[in-house]
Number of protein chains: 2
Amino acid sequence: MDRVRIFSDYLERKGLKTTNQRNVILKAFLNSRSHCSTEDLYLKLRKKHPRIGYATVHRTLKLLAESGIAIEQHFGDGQARFEPARADGHHDHMVCIKCGLIIEFEEPQIEELQKQVAEVHHFKISNHRHELYGFCFRCADK
Amino acid sequence: MDRVRIFSDYLERKGLKTTNQRNVILKAFLNSRSHCSTEDLYLKLRKKHPRIGYATVHRTLKLLAESGIAIEQHFGDGQARFEPARADGHHDHMVCIKCGLIIEFEEPQIEELQKQVAEVHHFKISNHRHELYGFCFRCADK
DNA sequence: TTAGATATTGAAACTGGTTTTCAATATCTT
DNA sequence: AAGATATTGAAAACCAGTTTCAATATCTAA
Ligand SMILES: [Mn+2]
Ligand SMILES: [Mn+2]
Ligand SMILES: [Zn+2]
Ligand SMILES: [Zn+2]
């Protein structure tokens, strides 16, 4: 289903209202490069919509995360980043600690193993974070 | 080698000084329950050493992390937690999002797979985080 | 041992991303 | 169209963490 629809359904279910700002922010978010911070998106929006406030951008990103359209990431630099959830499912990240490059990866065997480990401890996983920090191909050989 | 010695060697190597506060904080940290925040350790210390300041506790925990004696963790509640590094090596965590219980796990196969994934992308891992969030055995069945 | 150089300390101020407040405005329901 | 309710943007508050600074402690070299 269309993500615009998913969002308006979510809003209705929660007794919230559809507004112009929310629509504009949703569209800009979906077209944005991945892993953008509130600040990133706010600055990008400001060009065409100078009256939208930072607080509204951040509130809307939180709503998008709650509705499942956005995934909130924390890569250790102290600011939240958001990326559109993918239809093709979950992925994890490698983060270059020199240049900031983010590489995405999927490894079904790891997912399976972590599921097994959780079962051993009678732990019910609701989500997880798996991040590799280090040097990308470009930064590795200095 | 004794961790007290490791720390004083580290301080000397960096041109820093051995002080009473640093010794007291190191000992309290090593005896503390794992995964304690600066606040946790500060409050614990205050009973016997009411003149030690919060800033000194936090500065010392950072030094302990730099020297390899402590590992700094972030479990998504916005505050850093520290645990003594183990002689028996690395481990990862499951965090109960209801009661806060932290379960530690080691899974060499996952470590090996993540190493392989990194190699495919010519990425040189310097450290990683792998955390499972969900419900512990006690909280799972409500 | 002592004097000078240097680092540390604790309290308080500051930082920066995030969250909340609040009065004005927009949306929704009848 | 009017009343009820939610949203908005600017500014203030929040809060873990970090920095500042004058007083104090540690270290080094006579
Ligand atoms: Mn991603
Ligand atoms: Mn641990
Ligand atoms: Zn890089
Ligand atoms: Zn629990």
One finds the C-alpha centres of region A:57-88 and region B:46-110 to be spaced, in Å, by 26
Which residues' amide hydrogens lie under 5 Å from the amide hydrogen of B:I71, considering only partners 5 or more residues apart or on another chain, with H built in the peptide plane? B:E83, B:A85
From the square roots a ≥ b ≥ c of the eigenvalues of the alpha-carbon gyration tensor of chain A, which class results: rounded (a/c under 1.5), prolate (a/b over b/c), or oblate? oblate
Shape call for region A:3-84, from the Cα gyration tensor axes a ≥ b ≥ c (a/c under 1.5 means rounded, otherwise prolate when a/b beats b/c, else oblate), comes out oblate
Considering amide H positions built from the backbone, and no H for Pro or chain starts, which residues 5 or more places from B:H128, or on another chain, come under 5 Å of its amide H? A:Y133
Normalised per residue, the volume of the convex hull around the Cα set of the protein assembly as shown (Å³): 199
Loop only by DSSP, 15 or fewer other Cβ within 10 Å of the Cβ. Give me the GluC sites (Glu not before Pro) in region A:58-142 that pass, ordered by residue number. A:E106
Assertion target for B:L61, A:L43, ordered by fewest C-beta neighbours within 10 angstrom first, is A:L43, B:L61
Exceeding the 20 Å Cα-Cα cut-off - candidates B:K14/B:K48; A:K98/B:K14; B:K14/B:K62; A:K27/A:K47: B:K14/B:K48; A:K98/B:K14
Quick shape check on region A:92-134: root eigenvalues a ≥ b ≥ c of the Cα gyration tensor, a/c under 1.5 is rounded, otherwise prolate if a/b tops b/c, else oblate, and it reads prolate
Do you know the relative contact order of chain A, to the nearest whole percent, from alpha carbon pairs under 8 angstrom that are 6+ apart? 19
When a footprinting reagent is the concern and you count Cβ atoms within 10 Å, what order do B:S34, B:S8 take, fewest first? B:S34, B:S8
Note, A:S37: beta-carbon cut-off 10 Å, +1 each Lys/Arg, -1 each Asp/Glu, net -2
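Values in this text are rule-based calculations from the coordinates and carry no lab data. What you see is a predicted model, and the numbers here were worked out from it, not measured in a lab. All Cβ positions, glycine included, derive from the backbone under ideal geometry; neighbour counts span all protein chains shown.
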